[in-house]
Amino acid sequence: MSSSVLAPRCRSAFAAAAAASALSLLLAGCGDEPAAPGPYGGARDATATASPLENEDAAPGTDHFSFVAEDGRRVDGDARITTQAGRTVILEVTSNTPEELHVHGYDLYADIEPGGTVQLEFVADLPGIFEVELHHAHVVLTQLRVDG
């Protein structure tokens, strides 16, 4: 076979191999930072259901959930939280970077200063499942489930 026939075949094979390699790198992520556990880039893939006994310092009818974010990723706090309709919810978030906390569905926002902590308090009066997002990082901090 002539080299003119092999060259296009080699180029096609090389291009396919390069595309497959690029795709596997894209799916694996960048850098040598390990992937954070949990489906939302956070520390625990668990569900926290608040009860008055867990929130001894909170007012009656109040559920308090705490989270810590570092570099736009949840490092402490549960992936899913649950409360009952009509209860007051306090979301406390500490972040080492400037962030905006956003509770979808309720359209609530709170700015977090670098190294600061913010508390967002509201009455959970809409039943359903709602994402609580770190807006600047485009990361779901947790999912809020409101029963009832």
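The values are calculated or read from the model by the stated rules, or taken from the named source; none is laboratory data. As the structure is a computational prediction, the values presented were derived from the model and not from experiment. Cβ atoms come from the backbone with ideal geometry, glycine included; neighbour counts cover every protein chain shown.
Some notes on this structure:
- Val146 vs. criteria touching a residue at least 24 places away in the same chain (Cβ under 8 Å), in contact with a Pro (Cβ under 9 Å, 6 or more places away or on another chain) and in a strand (DSSP E or B): yes
- Cross-chain or 6+ apart pairs with Cβ under 9 Å, region 61-74 first and under 13 Å from Arg87 (Cα atoms), then among the polar types (S, T, N, Q) and not in a strand (DSSP E or B): Thr62/Asn55; Asp63/Ser51; Asp63/Asn55; His64/Asn55
- Of all positions in region 44-51, none carries a residue that is part of a strand (DSSP E or B), at pLDDT 95 or above and charged (D, E, K, R).
- Residue match in region 120-135 (condition: in contact with a strand residue (DSSP E or B) (Cβ under 8 Å, 6 or more places away or on another chain) and modelled with pLDDT under 95): yes
- Close pairs (6 angstrom Cβ cut-off, 6 or more residues apart or separate chains): of a type in the set (D, E, K, R) in region 108-126, surrounded by 12 or more Cβ atoms within 10 Å (Cβ to Cβ) anywhere: Asp111/Glu100; Glu121/Ile90
- Subset of region 77-107 (residues that are in contact (Cβ under 8 Å) with a residue 60 or more places away in the chain and not in a loop (DSSP other than H, G, I, E, B)): Asp78, Ala79, Arg80, Ile81, Thr82, Thr83, Gln84
- Among the residues making up region 128-145, a single one is of a type in the set (Asp, Glu) and either closer than 17 Å to Thr117 by Cα or not assigned by TED's automatic domain parsing to the domain that holds Ala110 (or both): Glu133.
- Hey, Leu141 touching a Lys or Arg at 6+ places or on another chain (Cβ under 8 Å) and crowded, with 16+ Cβ neighbours inside 10 Å or not: yes
- Any hit, region 104-113, residues being buried (at least 18 other Cβ atoms within 10 Å of the Cβ) and under 18 Å from Ala79 (Cβ atoms): no
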